[in-house]
Amino acid sequence: MDQRNRIRLVSNSLYNAGLERAQRRDLTGAVQCLKKCLNLNKYHIDARNLLGLIYYEMGEVSEALVQWVISMNFQERDNRADYYLEQVQRKQDRLDQVSQNIKKYNQALFQAQNGSDDLAVLQLTRVVEANPRFVKAHLLLALLYISHEDYTKAGKSLYKVLKIDKNNPKASWYMSIVKTRTGKAEIERRKIKNAFSHRQMQDDDVIIPPSYKENTGWQSVLNIGAGLLLGAAVIFFLVMPASIKRLNNEHTQELLQYNEQINQKNEEIATLNDTIETYKSDTEEAEAQLDMLLNSNDSVLNQYAILVKMLQAYRSDNLTEAVSLYAGFDPSLFTDETVLSIANGIKQDIETNGYQTLEDLAYTMWSAGRMSEALNYYQTCLSIRPANPKVLFNMGMIYRSQGQTDQAIEMFTQIVTQYADSEQAEKAREQLAQLVPDNQQAAVPGQSILNQGQPAEEGQDSSAGTAETGAQTESEPAASAETESQPEEPESQPEEQETQE
Amino acid sequence: MSDEGLNINFEEEIDHFKPSLEVEEIGEAIVKSDLTDMSDIMMEILKRIKE
C-alpha cells in the first residue's frame, strides 16, 4: 500500500508540473509530464482531461477525444471530460469539420512526403485557415516554406506555433534556422550581448547616443555649410516674407500719405490757378476800363476834356472850334447833374445855332481834301438833323471820290428813295446812272439799288473801276470830285432845309 | 548553434511527421491504447513473485 501511495504522490507531482507548464503554455513539456503521470496512475482523471485539453489546444482533436473518452470510462460522473465531449463530439457538424480538416492534413502530409510540395502547401494553407491552432499543420507548412527558402512565411507560421506552444522544440529549431537565414538572429544576438554588457555607471561617464558620430574636418565643414544653408533658408522663407510684407505696408502707407499730400497740393494749385485767373480777368477788366477811361472817345475823361475845350471855344467866341468838337461829344456819359446840365446846354446850343457852322466846316474840309474829317462832320450833321438829302448827297459824292462805291450808291439810293422830291434827287439819279449804268431801277423810287441782284453788282463792278480811278487820284480828292460833280454848297439858312424836311 | 543544426534534411525531417489520428480511428485507438500503469506492473510483479 505504501508503494501505491508513493506512486500517487509522484503522479500528482507530475500532474502539477504538467499543469504548471500548461499554464505557462509549454504544452510539449506539459504533455510529457502528464503522460508520465498517467503512466504512473492511469486513473488520474484530471491529468487525462488536461492532456486531452492540451491535445485539443494543439489541434489534435482526435487525440483529445481519445483521452476524454477513456477518462469518461474511468469516471462517468463529475467528470469535466463530459463537458468537453459535449462541446466537440456530440455536435456532429463541428465533428465533421474537424474530421475533414484532419483528413486534409494527412493528405497534405502524404503529398509532401511524395514530392508534391506545392499541392501540400495549398492544402495546408486551407487547413490552418480552418484550424489556426493546428500545430502539426503549421510545422509542416513552415518546413515546406523553408525548403522553398520562403523564410518570411515560414517565420509567420512558426510564430503562430510558438504563440500556442512556447517551447515547441521543432518550432524553435525551425525558427532559429529562419532567423539565421533572414539575419534576425544576429540582431537578437547583439541585443542580448548589449543587454548583458551593462555595467554600473560612474560619475565621469558620459552617455553618448548611438546616433552620435565623431565628426572629421570635412564633415564639420559640411555641417557648418548645411547649418548656414538651413539658416539662410529659414531667413529666406520665414523672416524675409514678414520683413518684405512689413516694408511693403510701410511703403504703401507712405505712398498713401504722399498721394494725399499731392492731392491737397493739387487742390491748392487749382485754387491758386483759379485765383490767378480771376485776378487776371479782373486786371484785364480794370485795364480795359482804365483804357476806356483814358483813351476812348467815349470815356468820361475824354468827354470832360471835350466839354472843357468846347467851353473854352465858347469863351473865345470860336463857334467853329466848338462845333468841330461836337462830333465826339456825348453828354449822356456825365453823371454829375451840374456838368450834365452844362453839357446839354452846350449841345442844345450847337444843334440850334451851330448846325450851319458844322455843315460849313464839313464843306470846308471836303474842299480842303480832308475827306474823312468832312465825312465825320457830315455824319454829325445827320445825327442832329437826320432828314438831310443834301448832306447825304455830299457824303455820297465824298464816298464816290474815295472809291467807296457801295457807300456812295447807298447814299444816292437813300436820297432817291426817301427824298425823291428833293432837289438832290435828280442829281442822285444821275450819279446812280453813272455808277450803275445798266440799272434802270435806280430811277424807281422806293427801291434800293443794292437790292437789285446780280446785274446791279456787275454795274457796281464796272463802276468800281471808276472808283479805283478815283482812289488812284485820292491824293487830289477835291479836284477829282469836282470833275464829276461839284460839292453841294451848304445853304446859308438852315431853316430852309428844315422846311424842306 | 552549430552549422549542422541550422541545416534541415527535408526528406528526413518530413518523415518524422506522422499522420494525425482521424475521428473514425478514435474507437480503435481507444481499444488499442495501452492503459497499463505502474500499479498494474507492480501487481503483475508481485503476482509472479507469489507464483
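A few notes on this one:
- Residue within the stretch A:152-164 that is of a type outside the set (D, E, K, R) and modelled with pLDDT under 90 present: yes
- Residues of the stretch B:16-40 satisfying the condition of being of a type in the set (D, E, K, R), closer than 12 Å to residue A:38 by Cα and facing chain A (nearest Cβ under 7 Å): B:37
- Annotation: residue A:131 fulfils all but one of (1) within 14 Å of residue A:58 (Cα to Cα); (2) within 10 Å of chain B (Cβ to nearest Cβ); the unmet one is (2).
- Screening the stretch A:389-426 for residues that are among the charged types (D, E, K, R) and in a helix (DSSP H, G or I) and picking the one that is farthest from residue A:365 (Cα to Cα) gives A:426.
- Restricted to the stretch B:1-15, and to residues there that are within 7 Å of chain A (Cβ to nearest Cβ) and assigned to a loop (DSSP other than H, G, I, E, B), the residue that is modelled with the highest pLDDT is B:8.
Yes/no matrix, rows are residues, columns are (1) touching a Gly at 6+ places or on another chain (Cβ under 7 Å); (2) within 28 Å of residue A:139 (Cα to Cα); (3) modelled with pLDDT under 95:
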site: A:25; (1), (2), (3): no, yes, yes
site: A:29; (1), (2), (3): no, yes, yes
site: A:41; (1), (2), (3): no, no, yes
site: A:46; (1), (2), (3): no, no, yes
site: A:57; (1), (2), (3): no, yes, yes
site: A:65; (1), (2), (3): no, yes, yes
site: A:68; (1), (2), (3): yes, yes, yes
site: A:80; (1), (2), (3): no, no, yes
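- Residue that is nearest to the other protein chains (Cβ to nearest Cβ), among those in the stretch A:88-101 that are surrounded by 12 or more Cβ atoms within 10 Å (Cβ to Cβ) and in a helix (DSSP H, G or I): A:99
- Per-region count, the stretch A:154-208, residues more than 26 Å from residue A:22 (Cα to Cα) and more than 14 Å from chain B (Cβ to nearest Cβ): 19
- Considered as a group, the residues in the stretch A:40-79 that are among the acidic types (Asp, Glu) and assigned to a helix (DSSP H, G or I) include one that is nearest to the other protein chains (Cβ to nearest Cβ), and that residue is A:63.
- Within the stretch A:352-374, the set of residues being free of Cβ contacts under 8 Å to residues at least 40 places away in the same chain and of a type in the set (Ser, Thr, Tyr) comprises A:352, A:357, A:364, A:372.
- Selection count where residues are in contact with a helix residue (DSSP H, G or I) (Cβ under 7 Å, 6 or more places away or on another chain) and either among the acidic types (Asp, Glu) or modelled with pLDDT of 75 or more (or both), scope the stretch A:189-225: 0
- Test result for residue A:195, part of a helix (DSSP H, G or I), small (Gly, Ala, Ser) and either surrounded by 15 or more Cβ atoms within 10 Å (Cβ to Cβ) or within 60 Å of the chain's Cα centre (by Cα) (or both): no
- Helices (runs of 4 or more DSSP H) wholly inside the stretch A:261-372 that include at least 1 residues being modelled with pLDDT of 85 or more: A:300-315, A:337-353, A:355-367
- Filtering the stretch B:22-35 to residues that are closer than 15 Å to residue A:73 by Cα and either surrounded by 15 or more Cβ atoms within 10 Å (Cβ to Cβ) or of a type in the set (Ser, Thr, Tyr) (or both) leaves B:26, B:29, B:30, B:33.
- Single residue of A:136, A:104, A:153, A:160 found to be touching a residue at least 60 places away in the same chain (Cβ under 8 Å), buried (at least 16 other Cβ atoms within 10 Å of the Cβ) and assigned to a helix (DSSP H, G or I): A:136
The values are calculated or read from the model by the stated rules, or taken from the named source; none is laboratory data. Please read these numbers as outputs of a predicted model, since none were measured by experiment. Using ideal geometry, Cβ is built from the backbone for each residue, glycine included, and neighbour counts are taken over all protein chains shown.
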